[in-house]
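The values are calculated or read from the model by the stated rules, or taken from the named source; none is laboratory data. Just so it is clear, the model here is predicted, and its values are computed rather than measured. So basically every Cβ, Gly included, is an ideal-geometry build from the backbone, and we count neighbours across all protein chains shown. The accessibility values were calculated without ligands, DNA or RNA, using every heavy atom of the protein model including side chains. Shrake-Rupley method; radii C 1.70, N 1.55, O 1.52, S 1.80 Å.
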Amino acid sequence: MVAVRRAIAPLLLTGALLLTGCAEDTPAAPAAASTTTRTATPTTVTPSSTPSSSPSSSSSAVTPPVAPAAGKVVVLDPGHNGENDSHPAEINRLVPAGRGQTKPCNTTGTATNAGYTEHAFTFDVAQRVGKALAAKGIRVVHTRQNDTGVGPCVDRRAAIGNAANADAVVSIHADGSTAAGANGFHVAYSSPPLNAAQGEPSTRLARTLRDTMRASGFSSANYIGSDGLAPRPDLAGLNLSTRPAALVECGNMRDATEAARMASADGRQRFAAAIAAAIEAYLAS
């Protein structure tokens, strides 16, 4: 998130595509015309039931142990969306961002130098995380159901987590820093906290994500935050949350090594496995 984030710049209106860094750092001026934002409908992944086999006459039925996280609710928020760059009026519209501030509805996100987009990366990883969690009996709600829509706005993303009474909300992003040698992941959380959920629960979620990412072989960022954590007062999705929430910047898409990892299916599966394991560990703690 070191790179300046912008909603779509005026260049977009002349046909030039500008990809900015992830998330919401710097508000852009609202477009002259505003339209009603088409918010994505959140989708829920219902845990699938496991077929039971009939015990033989010589054995008794065995009830499998219930996973500690079974029955919990997790909201997954993949950053940005595939059509944001085509709807500047919609994503430049200012919305509440917490702490008395406003921000653009959403941004385009960033991309690798080869053109693999952040919105495609975050959507794919979130789908993988959701499937892993649902298999453990966790109810999963996604803030967007495809990668071909617009938004939803950052305040709406927070509202989805609040309405679901989520036990954890995890936003998935990737950074776009152009600083020389910038690489590694970091985890952001709202600070100073605005409510009880943003206090110990959110910091514990952030630390669990950080620790599990490290244990999974990912290096923490060498250019932002401290020790893999980045307390932030300016991220709307975190400021407006009344549930435990954290945002994972999985790495820097402008770094050649991390870009190759994010663009590969195996790499995305590694990210997803680490995030899912972290969420499970947090819910069980």
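Leaving out ligands, DNA and RNA, what percent of the accessible area of the range 214-285 is carbon and sulfur, probe 1.4 Å?
Carbon and sulfur atoms account for 50 percent of the accessible area of the range 214-285.
Can you send over the carbon and sulfur percentage of the accessible area for the range 115-206, probe radius 1.4 Å, protein chains only?
Details: 1530 of 2850 Å².
Solvent-exposed carbon and sulfur of the range 115-206 make up 54 percent of the total.
How many Å² of accessible area per residue for the range 181-285, probe 1.4 Å? If you can, show how the numbers build up before the last one.
Details: 3710 Å² over 105 residues.
With the other protein chains kept in place, the range 181-285 gives 35 Å² per residue.
For the peptides 196-203, 103-110, 260-267, 231-238, what is the packing order when you average, over each peptide's residues, the other Cβ atoms within 10 Å and list the highest mean first? It would help to have the intermediate numbers written out before the result.
Working: 196-203: 18.1, 103-110: 28.5, 260-267: 14.9, 231-238: 22.6.
Final packing ranking: 103-110, 231-238, 196-203, 260-267.
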Long-range HN-HN contacts of Ala174 with modeled amide H, under 5 Å:
Cys250
Interchain or sequence-distant (5+) residues whose placed amide H lies within less than 5 Å of the amide H of Ala111 are Glu118
Largest-first ranking of Arg139, Arg243 by accessible area, probe 1.4 Å, whole protein assembly kept, is Arg139, Arg243
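How large is the accessible surface per residue of the range 63-116, computed with a 1.4 Å probe and reported in Å² as a whole number?
Values: 2120 Å² over 54 residues.
I get 39 Å² per residue for this part.
Applying a 10 Å radius around every beta-carbon, put 87-94, 172-179, 211-218 in order of their mean neighbour count, most first.
Working: 87-94: 22.4, 172-179: 23.9, 211-218: 16.1.
Packing proxy ranking, top to bottom: 172-179, 87-94, 211-218.
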